[in-house]
Amino acid sequence: ITFMLSWLAAAAAQRWVNPKSGFALKAAVGCYLLLTLAGGLRFYAPSFLGAFDPSGPDTSDFYGISCLASLPDMFATTKDRLDAGDSIIIHSERSTDPFLADSSYQSLLQQHYAKNHTEALLVLSFVENEQSWYKLLTRHGTVMSYAKNHPVPFVETDIRPGQAPPGVAKSLQLSGVQPVSVTGTICFDTDFPYLTRSLSSADLLLESSATWSNIGQQHLRGHQYAAVENGQTLVKCTYNGYTGAISPHGAIVYQVPQTTGVVSFQLPQYPKLTVFPMLYMVFEGIVGLAACVWILLACSPQLSTRWLGRCHLLPEQLGDEWEVPQEERPRNAT
């Protein structure tokens, strides 16, 4: 996307300066339309590219996951899902009662462990002190918490952004699976690559969200790229949208529309993929810098002539000097 936007900007600047030179702009627009067509095919025909949808890992380890969205008694339902054997329970965005977000849920996990000797993980989401909070909780206490960094503009005017990004909880022990590193985000924060790439060391990203039903599936599909970029399994629990799970290869392995209530499913423990998210940032920096240079050259014939010679200019732009001396032509042509 960064490359395409930079290419379009540079080609448009060249076309603006030189109206008769439109090939670069046509090529950029053509490639953009081709990518849009390919994206549409990928969106509406999930099996169109079979290699993108692996059949799944060869594993007997499964997470038991439940998403709880805006229920009258979130605490009692959480207890019921623990008794049902779930190892991960996620509350959708703003669904947790803030007065129960600490000791009450931790005590519930401790009682569950004392009774069943099984470990579980809770994701709590609530508003407190004018901030939207995300909390990862085990029976030992909070292992990660942060306040939403990017409130939705014009919508979440009742909260202010948090200053610290989320972290990664290392080597958590959950029932039925190998030790796992876990992180999480709140809804709109997952749309920011510079935030999610910093969490790429985690095996599992648990997202708590609330969305609009008319973009619910698109929002889930958009987060396929977060899973692919970071080589991790992403689970999205939402209110009034699509709840689902995405493998590290970007395949949506589970999805269902959810407004309120409980959605439960099993998810294989996919192995973490080796990725290099910092290299993505380096690539974007190089492309962005190169785009600035080419836009500057396209807008300034004086600089482009000094750096690239005069062979790229039209005769009317060269004026009376378009007759280049014979001895200079090979160098300028090169």
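The values are calculated or read from the model by the stated rules, or taken from the named source; none is laboratory data. These numbers come from a predicted model, not from an experiment. Please note: Cβ atoms are built from the backbone with ideal geometry, for glycine as well, and neighbour counts cover all protein chains shown. The protein model used for the area step is the full one, side chains on, heavy atoms only, and it has no ligands, DNA or RNA in it. Shrake-Rupley method; radii C 1.70, N 1.55, O 1.52, S 1.80 Å.
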HN-Hα J couplings of the range 119-133 from phi, Karplus 6.51/-1.76/1.60, θ = phi - 60°, integer Hz, Gly and Pro as x?
8, 9, 10, 10, 10, 10, 9, 7, 9, 8, 6, 6, 9, 8, 9
Degrees between helix 74-83 axis and first principal axis of the chain (Cα, 0 to 90, nearest 10)
80 degrees
When every protein chain stays in place and a 1.4 Å probe is rolled, Trp294, Trp16, Trp7 sorted by accessible area with the largest first are Trp16, Trp294, Trp7
Just the accessible area for Lys272, please: 1.4 Å probe, Å², rounded to the nearest 10?
60 Å²
Carbon/sulfur fraction of accessible area - the chain, other protein chains in place, 1.4 Å, %:
61 percent
Could you work out the longest stretch of the chain that avoids the GluC sites (Glu not before Pro) located in DSSP loops with at most 10 other Cβ atoms within 10 Å?
131-322
At 1.4 Å probe radius, can you tell me the per residue accessible area of the chain in Å²?
52 Å²
Between the range 90-121 and the range 251-282, how many Å separate their Cα centres?
23 Å
From zero outward in steps of 5 Å, how is the percent of C-alpha pairs of the range 185-282 spread across the bins?
3, 15, 27, 25, 17, 9, 4, 1, 0
So which of Lys115/Lys148; Lys79/Lys135; Lys115/Lys272; Lys170/Lys236 end up more than 23 Å apart, counting from Cα to Cα?
Lys115/Lys148; Lys115/Lys272
From the backbone phi of the range 267-278, what are the Karplus-calculated ³J(HN,Hα) couplings (6.51 cos²θ - 1.76 cosθ + 1.60, θ = phi - 60°) in whole Hz, Gly and Pro given as x?
10, x, 7, 6, x, 5, 8, 7, 9, 10, x, 5
Mind listing which chymotrypsin sites (Phe, Trp or Tyr not before Pro) in the range 212-290 are in a DSSP loop and have 12 or fewer other Cβ atoms within 10 Å?
Trp212
Sorted by chain and number, the residues with a modelled amide H under 5 Å from that of Ser181, at a separation of 5 or more or across chains, are Ser171, Leu172, Asp203, Leu204
